[in-house]
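Below is one structure, written out as structure tokens; the observations come after it.
The values are calculated or read from the model by the stated rules, or taken from the named source; none is laboratory data. It should be emphasised that the depicted structure is a prediction, and the values quoted were computed from it without experimental measurement. Positions of Cβ are generated from backbone atoms using ideal geometry, with glycine treated the same way; all protein chains shown enter the neighbour counts. We work out accessible area using only protein heavy atoms, side chains counted, and drop any ligands, DNA or RNA first. Shrake-Rupley method; radii C 1.70, N 1.55, O 1.52, S 1.80 Å.
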Amino acid sequence: MYIHLGANTIVLKRDILGIFDLDTATVSRHTRKYLAEAEKQGDVVNVTYELPKSFIVCRDETRPSGRRVYISQLASTTLRTRAM
């Protein structure tokens, strides 16, 4: 099954490792460090032109890091509902 993340971006449900709320998750310095490192490695894809509300960590074997991080305008609760 596919999950729509916004802006014509879809991912396989089985590849999603985590869905996180940007407002609450980025309070932790560990999360901020993780996102900064992912961006530095080119693993971050911004799928919105609006205010971002969530980020989704997905498995991606085509990347050297094995991950892809999507920044989405959709709320994490909306994405979790779609994933169920």
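For the reader, a short list of remarks on this structure follows.
- Relative pair counts by distance (%), Cα atoms of the chain, 5 Å bins: 3, 15, 28, 28, 19, 7, 0
- Pair Met1, Ser28: separation of 7 Å Cα→Cβ label points (nm): 2.6 nm
- Fraction of accessible area attributable to carbon and sulfur, region 1-67 (%, probe 1.4 Å): 53 percent
- Take every DSSP beta bridge whose two residues both sit in the chain; close to 85 percent of them are antiparallel.
- Surface exposure of the chain, expressed per residue as accessible area with a 1.4 Å probe, stands at 65 Å².
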